[in-house]
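In what follows, a single structure is set out as structure tokens and then discussed.
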Amino acid sequence: MIALDIARVPMTIFTFIGGAFVVSIGLSSQHLVNNFISGIALIAESHIKVGDLIEYDDIIGRVESIEARIVKIKTQNNITHFIPHSKLMQESFAHWSHDGERIRTSTDLKIDQKDNIDGFEKIILNAVSQNRNILTTPKPQILLLDFQDNLLHYEVNYWINLKFSDRKQVLSEVNNDILNT
């Protein structure tokens, strides 16, 4: 302090530098504190738990761990993603296994009205129900959604258990079974 006084360095510079340092520390720790508090809210409200299947920003994966600032999810491609708690609290995400592992999935079909043969629905439902990954309850169903430009737009709905099957794999199998019918 004596040397600084002899060198005529004003003490207000240190006040300014100290203030700037404290402000920068405060701003940089803002995200850290936000994620930590969001994590407490996530855990307290039981939005997600380890083992849940969630979708966030086109990423679908199982929750591997809930850490102090992030949620770690692993996709079926064995890729681990780290999602900050604040993102899950502020933005929308899909919780595929919130009420259990059963989900309904669908296959869309468009066929020419000329090809709409008698028994079409029975043939399609038979092809779908042959898949071992599709649950028998609730039963698969086929719905006629729309008809336009000589096309009939159908939707085939069926239920699968995410614990025992991969949604995309079952969808592919169903589409191939219908195509080969």
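Please report the carbon-and-sulfur percent of the accessible area for segment 1-110; probe 1.4 Å, protein heavy atoms only, DNA, RNA and ligands left out.
Working: 4530 of 7560 Å².
Within segment 1-110, the accessible surface is 60 percent carbon and sulfur.
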Asp52 accessible area, nearest 10 Å², 1.4 Å probe?
10
Placing +1 at every Lys and Arg Cβ and -1 at every Asp and Glu Cβ, with all other atoms neutral, what dipole size does the chain have around its Cα centre, in debye to the nearest 20?
680
Dipole-positive endmost among Ala7, Ile160, Ile103 within the chain (Cβ charges, Cα centre)
Ala7
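Using only helices, what value at 222 nm comes out for the chain when you add -39,500 (n - 2.57) per DSSP H run of length 4 or more and divide by the total residues, to the nearest 500 deg cm²/dmol?
Numbers: 5 runs with 68 residues, N = 181.
Helix contribution divided over all residues of the chain: -12000 deg cm²/dmol.
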Tell me, what is the 1.4 Å probe accessible area of Glu67, in Å² to the nearest 10?
80
Using alpha carbon centers only, segment 66-83 is separated from segment 110-175 by a whole-angstrom value of 33
Solvent exposure, largest accessible area first (probe 1.4 Å, DNA, RNA and ligands not counted), of Ile37, Ile103:
Ile37, Ile103
With the charge dipole of segment 76-181 built from beta-carbon charges (+1 for Lys and Arg, -1 for Asp and Glu) about the Cα centre, the Cα from Thr80, Ala127, Gln141 projecting farthest to the positive end belongs to Thr80
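So which trypsin sites (Lys or Arg not before Pro) in segment 7-98 end up in coil per DSSP with only 15 or fewer other C-beta atoms within 10 Å? Show your work: numbers first, answer last.
On the way: sites: Arg8, Lys49, Arg62, Arg69, Lys72, Lys74, Lys87; in loops: Arg8, Lys49, Arg69.
Within segment 7-98, the qualifying trypsin sites (Lys or Arg not before Pro) (loop, at most 15 other Cβ atoms within 10 Å) are Arg8, Lys49.
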Could you give the accessible area per residue of segment 88-181, probe 1.4 Å, as a whole number in Å²?
66
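Let me check against my output: what whole-number percent is the relative contact order of the chain, with C-alpha pairs under 8 Å and at least 6 apart? If you can, show how the numbers build up before the last one.
Details: 240 pairs, mean separation 29.3, N = 181.
After rounding, I find 16 percent.
Mind listing which trypsin sites (Lys or Arg not before Pro) in segment 116-181 are in a DSSP loop and have 15 or fewer other Cβ atoms within 10 Å? Mind dumping the intermediate values first?
On the way: sites: Lys122, Arg132, Lys163, Arg167, Lys168; in loops: Arg132, Lys163.
When the trypsin sites (Lys or Arg not before Pro) of segment 116-181 are filtered for loop state and at most 15 Cβ neighbours within 10 Å, Arg132, Lys163 remain.
Where in the chain are the helices, taken as whole DSSP H runs, whose Cα atoms extend 20 angstrom or more along the long axis and whose Kyte-Doolittle mean reaches at least -1.0? List each step's numbers first, then the result.
Numbers: long enough: 12-45 (48 Å, 1.30).
Span-like helices in the chain: 12-45.
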Structure-derived Cα extents along the principal axes in Å: which label, when the choices are (i) 103, 37, 27; (ii) 50, 47, 33; (iii) 41, 40, 33:
(i)
Within straight cross-link reach of Lys72, meaning Cα distance under 30 Å, which lysines are found once same-chain residues fewer than 8 apart are removed?
Lys49, Lys87, Lys163, Lys168
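The values are calculated or read from the model by the stated rules, or taken from the named source; none is laboratory data. Because the structure is predicted, anything quoted here is derived from the model rather than measured. Cβ atoms come from the backbone with ideal geometry, glycine included; neighbour counts cover every protein chain shown. Note: areas computed on protein heavy atoms with side chains; ligands, DNA, RNA excluded. Shrake-Rupley method; radii C 1.70, N 1.55, O 1.52, S 1.80 Å.
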